[in-house]
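**Student:** Starting off with a structure, shown below.
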Amino acid sequence: MAKPSRRQFLKIMGATGAALLAGKKASANEGHKINNETIGMLYDATKCVGCKACMSACKRVNGDYGSLSYERAKFDTDGLWDAPEDLSGSTRTLIKLFKQSEQEWSYVKYSCMHCQKPSCVSVCPVAAMTRDPETGIVDYNKNTCIGCRYCQVACAFNIPKFQWEKAIPQIVKCDLCKNTNLPKKGISACAEVCPAGAIMFGKRKDLLEEAEKRLRENPGKYINHIYGAHEVGGTNHLYLASMQFNKLGLPTLKEDAPAEFSEKIQHTIYKGFIAPVALYSTLCFIAVKNMKGHGEAEKEHDTKTDEGGDH
Amino acid sequence: MGHDEYQKHDAKILTPSFIVLLTLTLIGFALILLRFVKGIGAVSNMSDGYPWGIWITYDVATGTAIACGGYAMAILVYIRNRMHYHPMIRSAILTSMFGYGLAGFSVMVDVGRPWNAYNFFVPSKWQANSAMFEVAVCVMAYTTVLIMEFLPAILTTLEKTEWKTLQHLLDRVYSRLGMERPERIGDRLDKVKELAAWARPRLDKILIFIIVLGITLPTMHQSSLGSLLLIASTKLHPLWHTGFLPLLFLINCMYIGYSIAILESVLSCYAFKRPFETKELSGLARIIPWLTVIWLSVVIGDLAWRGQLAKAVSFDFYSRFFLLEFCLIAGGSLLLFSKRRRESIRWLFVSAALIVLGGALYRFNVYLIGFNPGKGWHYFPALAEVMITVGIVAFEILGYQVLVKILPVLPKLHTREQLAEAHQHTVGKKALEH
């Protein structure tokens with residue numbers, strides 16, 4: 001009795017392993033397609049003057065909607081300025097200055113990258129993170145979010161932020177003014193107020209065209225790379241800069257979307273729920289057979305001891 | 001296998017360890033209250049870079065693996081048909097029930113917006129791409145299954161009970177109030193007894209299908225606990241980030257499961273002064289090295305395939321933790337290859353402890369130690385955060401201690417002579433050890 005069931009058990013284990021292996025191999029080629037009709041922003045670090053008008057416009061417009069509060073800096077005892085140190089549960093976008101030397105420096109703007117294949121959307125267990133298929137906006141719905149923070153673990157850019165100090169917290173990230181400035185004025189608040197033309201708002205294909213034009217017409221001015229064009233499967237927030245992007249806090253990333261890899265494996269294991277159902281039925285078959293064999297042995301035993309059988 | 005396969009452990013409930021565990025539990029629960037009033041940031045060191053701290057890493061990812069004793073034993077008993085391990089299954093299931101139930105509870109402490117958790121039951125919100133969704137649904141289902149698997153112990157007790165303590169208590173309450181105790185209370189209690197007697201044989205008939213569900217569900221969600229970190233390809237160190245994470249987590253929970261069954265049996269026999277189940281335990285111990293050998297081969301093979309072997313022995317921060325994990329698991333298994341050691345309670349205990357430590361460290365490595373969100377982020381758990389986890393673990397042990405004394409959970413000791421003999425055996429052993 002023990003031997004065949006052991007073999008069956010090993011078979012099941014082998015099948016699970018094979019499914020996992022298959023998942024790994026299948027992830028190689030089929031990829032998602034970048035949609036250039038979606039909207040986004042092109043941030044040109046060489047044009048940015050660091051006035052931070054975008055930051056205050058963001059809080060002014062989205063303040064109530066995203067419960068974005070002002071953040072006091074440690075040195076600012078009187079609370080005169082909104083001076084966030086980093087993106088946080090109160091700040092959706094931020095301008096930072098990186099200084100390599102007195103001559104070499106660059107501003108950089110942080111906010112959600114609005115990925116074409118967003119990890120946060122892929123991992124959210126209750127679909128609180130969504131990507132609008134038409135606009136490409138990655139949006140957050142606090143009314144369905146359970147606060148598990150898997151989106152934070154998953155995001156390669158560390159963009160979604162959590163309100164750690166609140167009893168009723170939420171995730172905070174840029175939604176391209178989806179519910180505020182965009183429906184009213186057709187442009188995100190940060191792009192609207194930028195006085196230096198550092199933020200260009202529009203369709204991804206137009207942004208790419210413009211970025212390529214700038215690279216072509218100003219040889220030597222820029223690093224010859226449009227950040228976000230291909231990173232993690234493409235993002236709708238694109239960057240041009242005169243300094244290495246990883247120095248500006250933008251991580252060096254591969255072209256494949258991490259979500260493609262993880263979803264392939266997960267889908268291979270759970271495709272059509274076949275594997276779990278097969279596993280359950282096989283196990284049932286073995287267990288019932290084992291129980292029967294055992295029950296017969298027990299009956300013999302019971303007739304001797306005159307006692308009813310438990311399971 | 002008759003009804004009397006299990007027995008209650010006859011002993012006082014109020015022991016010194018009970019008081020200690022209760023204190024720890026109360027401290028933990030007070031801090032949980034604080035967390036709900038002042039936010040997660042008030043009690044923990046988690047940050048936007050490290051959004052998962054020890055609550056997820058220990059209580060959920062590691063705690064459920066440690067609670068896999070019931071799963072591992074069920075595979076052994078019902079699938080590999082080693083029915084002679086059957087007496088050990090109830091205590092394994094009880095620990096699993098606590099482990100999983102409290103993992104679910106600690107998730108509710110950890111998530112920021114627990115009142116939205118009902119969305120897991122709203123089909124339009126289901127997100128099948130998310131490994132987290134799979135884990136959450138499976139863990140909820142498995143906790144329910146564990147409760148049903150444990151139900152026979154409760155039902156048998158209800159059938160036999162005379163409600164002495166309760167009747168006594170009610171009498172006192174009513175006499176204080178200066179009233180007669182109404183008849184209908186007694187009737188109600190009899191009803192419960194009847195209901196239990198009615199339900200138990202019916203449950204027995206379908207129990208095997210529930211038990212098999214209890215094998216399928218952990219197979220699914222334990223592998224998915226590994227899948228959770230697949231997405232963090234840029235943050236998890238390449239020593240641990242691999243497409244084999246689901247398979248590694250699955251095998252990992254099995255050898256942890258068998259090892260914890262050994263530890264739990266040794267510890268409860270020691271604490272409750274029962275004879276050690278040496279024969280069963282050495283049988284269990286024979287399975288473990290096979291599982292760890294498969295696991296270690298996958299780890300090494302995968303590292304070699306991805307060209308990361310040099311990183312594994314570079315002795316930097318990550319390599320040291322990897323090697324520690326590796327040595328604990330390999331060391332513990334190596335001990336178990338010897339028959340002599342497998343038959344010594346002390347060596348069984350040592351090797352099972354090494355394997356549980358190593359297996360748990362693997363999960364810590366994947367979820368915390370090997371996780372690096374980038375420059376400037378650091379995480380080390382806050383005292384309050386640790387105390388909440390300690391409180392939850394204390395509550396688990398407390399619950400186990402109490403339930404084995406009021407419900408038939410532990411394997412039945414057959415005769416007085418057997419008991420006495422075993423007792424002498426342990427006394428002799430202990431004398432030797434000192």
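The values are calculated or read from the model by the stated rules, or taken from the named source; none is laboratory data. These numbers were taken from a predicted model, which means no experiment stands behind them. In this analysis, Cβ positions are derived from the backbone assuming ideal geometry, glycine residues included, and neighbour counts consider all displayed protein chains. Side chains included, ligands, DNA and RNA excluded: accessible areas come from the protein's heavy atoms. Shrake-Rupley method; radii C 1.70, N 1.55, O 1.52, S 1.80 Å.
**Student:** To the nearest whole number, what is the average tally of beta carbon atoms from other chains within 10 Å of the beta carbons of peptide B:108-114?
**Tutor:** That average works out to 6.
**Student:** Would you look at the GNM of chain B, springs on alpha carbons closer than 10 Å, and say which of B:PRO16, B:PRO238, B:PRO373 moves the most?
**Tutor:** Ranking B:PRO16, B:PRO238, B:PRO373 by mean-square fluctuation puts B:PRO16 first.
**Student:** With Cβ to Cβ distances under 13 Å as the rule, what net charge do the other residues near B:GLY63 carry (K, R +1; D, E -1)?
**Tutor:** Residues near B:GLY63 contribute -2 overall.
**Student:** Restricting to DSSP H runs of at least four residues, report the calculated mean residue ellipticity at 222 nm for the protein assembly as shown, -39500 (n - 2.57) per run over all residues, nearest 500 deg cm²/dmol.
**Tutor:** Mean residue ellipticity at 222 nm (helix-derived): -18000 deg cm²/dmol.
**Student:** Among B:TRP126, B:ILE27, B:TRP295, pick out the residue whose Cα is farthest towards the positive end of the charge dipole of the protein assembly as shown, where Lys and Arg carry +1 and Asp and Glu carry -1 on C-beta, about the Cα centre.
**Tutor:** B:TRP295
**Student:** Here's something else I'd like to know. Taking the mean number of other Cβ atoms within 10 Å as a proxy for protection, how do you rank B:205-217, A:172-184 from highest to lowest?
**Tutor:** A:172-184, B:205-217
**Student:** Taking amide H positions as placed 1.01 Å from N in the peptide plane, with prolines and chain starts having none, which residues 5 or more places from B:LEU410, or on another chain, fall under 5 Å of its amide H?
**Tutor:** Hits under the 5 Å cutoff: B:GLN7, B:HIS9.
**Student:** Using the eigenvalues of the Cα gyration tensor, what equivalent ellipsoid semi-axes result for segment A:158-308 when each is taken as the square root of five times the eigenvalue, whole Å, largest first?
**Tutor:** One finds semi-axes of 62, 21, 15 Å for segment A:158-308.
**Student:** Could I ask something else about it? Estimate for me the total accessible surface buried between chains B and A (protein heavy atoms, probe 1.4 Å, no ligands or nucleic acids), in Å² to the nearest 100.
**Tutor:** What B and A bury together is about 6700 Å².
**Student:** After finding the eigenvalues of the alpha carbon gyration tensor for chain B, what semi-axes result from the square roots of 5 times each, listed largest first in whole Å?
**Tutor:** Value: 38, 29, 21 Å, ordered largest first.
**Student:** Right, here's the next one. Quick check for me: using +1 on Lys/Arg Cβ and -1 on Asp/Glu Cβ, what's the dipole size of segment A:187-304 about its Cα centre, in debye to the nearest 20?
**Tutor:** Its charge dipole is roughly 140 debye.
**Student:** Within the protein assembly as shown, what whole-number % of the accessible surface is contributed by carbon and sulfur, with the 1.4 Å probe and all protein chains included in the calculation?
**Tutor:** In the protein assembly as shown, the share of accessible area belonging to carbon and sulfur is 62 percent.
**Student:** When ranked by the protection proxy of mean other Cβ atoms within 10 Å per residue, highest first, what sequence do the peptides B:47-55, B:105-113 form?
**Tutor:** Going from most to least packed, we get B:47-55, B:105-113.
**Student:** Suppose R0 equals 22 Å. What FRET efficiency, 1/(1 + (r/R0)^6) with r the Cβ-Cβ distance, do B:PHE272 and B:THR157 give to the nearest 0.05?
**Tutor:** Once rounded, the FRET efficiency stands at 0.75.
**Student:** A further question follows. With a ≥ b ≥ c taken as the square roots of the eigenvalues of the C-alpha gyration tensor of segment A:129-210, please select rounded if a/c is under 1.5 and otherwise prolate if a/b is larger than b/c or oblate if it is not?
**Tutor:** prolate
**Student:** Identify which of B:ILE397, B:ILE19, B:ILE89 has the largest mean-square fluctuation in a Gaussian network model of chain B, with springs joining Cα atoms closer than 10 Å.
**Tutor:** Residue with maximal mean-square fluctuation among B:ILE397, B:ILE19, B:ILE89: B:ILE19.
**Student:** Roll a 1.4 Å probe over the protein chains and send me the accessible area per residue for the protein assembly as shown in Å².
**Tutor:** 46
**Student:** Now, a different point. For the protein assembly as shown, what is the largest minus smallest coordinate of the Cα atoms on each principal axis, given in angstrom and ordered from greatest to least?
**Tutor:** 97, 70, 51 Å, listed from the longest principal axis down.
**Student:** What is segment B:157-241 by shape, rounded, prolate or oblate, if you read a ≥ b ≥ c off the alpha carbon gyration tensor as root eigenvalues and call it rounded for a/c under 1.5, prolate for a/b larger than b/c, and oblate otherwise?
**Tutor:** Oblate is the answer for segment B:157-241, as a/c is 1.5 or above yet b/c matches or exceeds a/b.
**Student:** So how tilted is helix B:89-110 from the main axis of chain B? Cα-based, degrees 0 to 90, rounded to 10.
**Tutor:** Compared with the principal axis, the helix lies near 60 degrees.
**Student:** Based on Cα positions only, what radius of gyration and what Dmax would you give for segment B:93-202, in angstroms?
**Tutor:** Both quantities, over Cα of segment B:93-202: 20.4, 63 Å.
**Student:** Which order do the peptides B:27-40, A:35-48 take when ranked by the mean count of other beta-carbon atoms within 10 Å per residue, highest first?
**Tutor:** A:35-48, B:27-40
**Student:** Longest exposed-loop-site-free stretch of chain B, with GluC sites (Glu not before Pro), DSSP loop and at most 16 other Cβ within 10 Å?
**Tutor:** No qualifying site falls inside B:181-342, the longest such stretch.
**Student:** Using +1 at the C-beta of Lys and Arg and -1 at the C-beta of Asp and Glu, which of B:GLY307, B:TRP163, B:SER47 has the Cα lying farthest in the positive direction of the dipole of the protein assembly as shown?
**Tutor:** Of the options given, the answer is B:GLY307.
**Student:** Can you give the mean number of other chain Cβ atoms that lie within 10 Å of the Cβ atoms in peptide B:154-163?
**Tutor:** Average neighbour count from other chains, rounded to a whole number: 0.
**Student:** For peptide B:327-336, what's the mean number of Cβ atoms from other chains within 10 Å of each residue's Cβ?
**Tutor:** 0
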